[in-house]
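Student: Below you will find the structure I want to go over with you.
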Amino acid sequence: MIKKKILEEILNRAFELIQDQFGNYVIQHIVEKQGANKCLKIYQFLTGKIYDFSVHKFASNVVEKCLTLGNSKQRKEIVDEILNREDNDSLLAMVRDKYGNYVVQKMIEYSDQKTKELIIKKISTSQALKKRDGFSKHVINFIEKMGFPTPGTLAFQQQFGK
């Protein structure tokens, strides 16, 4: 009974805790221990704010944890929110961001094959990311490590048509 009340109180303050230096660890722990289906409220707090949380020093850790431990529907919703934003540059901004690049790596790692390829194509065909500079190099290296071809290679042209 007491555990339930404490959990309820934490979830009532989840929006604040997700962004807090120490509170984000509490939220991550809940996601880890309670499982994706019981942490629906945390996913609801993320909805509509995925980009903002992904480029936030502390909240980005919660987004990563949700991508890692969420069920396939929750993962898809998180990824789709970034891919379907009106400002089409969100994904690329995340790739270049010191916190967001880690979220992008998790998006790639935990997406289905079709979505992985879509994310990688958007990243790889961007003129802004042709150079491996800043934090984008981490994402490009991750894409290569995952076994996907890099821009400019014949394998890339065959797979992505550019």
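Student: In the range 78-127, how many residues are under 13 Å from L67 (Cα atoms) and surrounded by fewer than 20 Cβ atoms within 10 Å (Cβ to Cβ)?
Tutor: 4
Student: OK, next. Quick check, is L46 within 19 Å of I78 (Cα to Cα) and loosely packed, with under 15 Cβ neighbours inside 10 Å?
Tutor: no
Student: So which helices (runs of 4 or more DSSP H) are wholly in the range 18-95 and hold at least 1 residues that are touching a Phe, Trp or Tyr at 6+ places or on another chain (Cβ under 6 Å)?
Tutor: The qualifying helices (runs of 4 or more DSSP H) are 23-34, 40-46, 59-69, 72-83.
Student: Something else now. What do you reckon, is I10 in contact with a Leu (Cβ under 9 Å, 6 or more places away or on another chain) and under 18 Å from H56 (Cβ atoms)?
Tutor: no
Student: Turning to a different aspect of this structure: Can you run down the residue pairs with Cβ atoms below 8 Å, 6 or more apart or on separate chains, where the first is in the range 44-55 and over 15 Å from Y102 (Cβ atoms) and the partner is among the aromatic types (F, W, Y) and part of a helix (DSSP H, G or I)?
Tutor: F45/F15; L46/F53
Every read-out reported here was derived from the displayed coordinates using simple, explicitly stated rules and does not represent laboratory data. Not measured: the values here are computed from a predicted model. Glycine gets a Cβ as well: all are built from the backbone with ideal geometry, and neighbour counts include every protein chain shown.
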